[in-house]
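*Asks:* Below you'll find the structure I mean.
The numbers here are math on the coordinates, done by the rules we state, and not lab data. Nothing here was measured: the structure is a model prediction, and the numbers come from that model. Don't worry about glycine lacking a Cβ; one is built from the backbone with ideal geometry, like all the others, and counts go over all protein chains shown.
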Amino acid sequence: MSEHHADHRGAAKANDLGPVPRIALNSGYDIPQLGYGVFKVDPAQTEKFVTEALEVGYRHIDTAAIYGNEEGVGRAIAASGIARDELFITTKLWNDRQAGDDPRRALEESLGKLGLDHVDLYLTHWPAPAKGNFVNAWTQLVALNEAGLARSVGVSNHLVEHLEKIHEATGVLPAVNQIELHPAYQQREVVEWCTSRGVHIEAWGPLGQGKYDLFATPAIRDAAAAHDRSPAQVVLRWHLQQGYIVFPKTVNRDRMIENARLFDFALSDAEMREITALDPQDGSGRVGSHPTELN
Ligand code: NAD
């Protein structure tokens, strides 16, 4: 792996992520704050790209049953020879498996595909409120956690109204809430509810999925120039300094490295404030589905 040399914008030698901070979850386990997400990674190529991510140094992989690529993730894990305890693997329960005791069967199927006997984190993917099963799903996840099939359990795309219902029903808070979050869409109400209760925020679409011109905004462009970094690195560094967990997706090896070289620079308080101010706070920055509408 000697082909790359040291330009801190990206090109770097493999296995050079530096120490990725770990965040303590309410389960007693901790999670690497940076990972690699595989949404929309072609199932036929997932083994290859996850293998590359592991070579680059990522140890936290975020997948989901609905992505259809858990088997590729599993093959990459098996081929890597990396000790299980050095890896942090997340998968998610799809919306059509929330009823009755189907969540247990769904997790067993995911574990079979991943070739694992437990995941590190299992999430309810969306509340899908029109189905009326998300409280049941959460109750089942709590039982799966107690049974040791998932070391930590949490939710995704839950708004305050959903979080209050699952907490009221079980008395158990999720370890994380994985929500769409990037500078143009910061979901302040749900973030405040979660962080004040020790529920960590995982930011999906941390780069806005490339769907709008985040990288061209002056606050981000200027910070990138000031630190001789790329706009993507500035946005990811903003997430880390906000305390969020991120797992940007790319199938480009140089970008995998670029997206991980975040631990040898820091944004100033003024730069953080300017990036935080980019949210118009009217919801117009959202690039994904709305949790009350996806069912
Ligand atoms: P993202 O914000 O990570 O954007 C990915 C896109 O950004 C890539 O396709 C690429 O075009 C671009 N990109 C990546 N690195 C770049 C770089 N260095 N420079 C320029 N462009 C770059 O969006 P995402 O994939 O949707 O989110 C990350 C992960 O979050 C997913 O892979 C998945 O694991 C998770 N996710 C979860 C949900 C959920 O409902 N829970 C939804 C979407 C994504």
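*Asks:* For a 28 Å ceiling on Cα separation, which of these pairs sit above it: LYS165/LYS211; LYS113/LYS249; LYS40/LYS165; LYS131/LYS249; LYS113/LYS165; LYS48/LYS131?
*Replies:* The answer is LYS165/LYS211; LYS40/LYS165; LYS131/LYS249; LYS113/LYS165; LYS48/LYS131.
*Asks:* Restricting to Cα pairs below 8 Å that are 6+ residues apart, what does the relative contact order work out to for the chain? Please round to a whole percent.
*Replies:* About 20 percent, as a whole number.
*Asks:* Rounded, prolate or oblate: which fits region 159-295, taking a ≥ b ≥ c as square roots of the Cα gyration tensor eigenvalues, rounded meaning a/c under 1.5, else prolate when a/b beats b/c? Intermediate values should be presented prior to the final figure.
*Replies:* Numbers: a/c = 1.84, a/b = 1.78, b/c = 1.03.
Prolate is the answer for region 159-295, as a/c is 1.5 or above and a/b outweighs b/c.
*Asks:* A further question on this structure: Does anything in region 82-111 have its amide N under 18 Å from the 7 Å Cα→Cβ label point of LYS211, and if so which residues?
*Replies:* Under cut-off, by backbone N: nothing.
*Asks:* Spin-label point model (7 Å from Cα, Cβ direction): what's the ARG105 to GLU192 distance in nm?
*Replies:* So the two model labels end up 4.3 nm from each other.
*Asks:* Simple spin-label model, 7 Å along Cα-to-Cβ: LEU294 to LYS131 in nm?
*Replies:* Distance between label points: 1.2 nm.
*Asks:* Per DSSP H run of at least 4 residues, take -39500 (n - 2.57); add these up for the chain, divide by its residues and hand me the 222 nm value, nearest 500 deg cm²/dmol.
*Replies:* The per-residue figure over the chain is -11000 deg cm²/dmol.
*Asks:* What nm value, rounded to one decimal, do you get for the distance between LYS48 and ASP264 when each label is placed 7 Å out toward the C-beta?
*Replies:* So the two model labels end up 3.0 nm from each other.
*Asks:* Using a 10 angstrom cutoff on alpha carbons, build the Gaussian network for the chain and name the most mobile of ALA223, ALA44, ALA83.
*Replies:* ALA83
*Asks:* Continuing with this model, one more query. Rounded, prolate or oblate: which one fits region 31-178, using the alpha carbon gyration tensor with axes a ≥ b ≥ c (rounded when a/c is under 1.5, else prolate when a/b beats b/c, else oblate)?
*Replies:* Judged from the Cα gyration tensor, region 31-178 comes out prolate (a/c at least 1.5, a/b above b/c).
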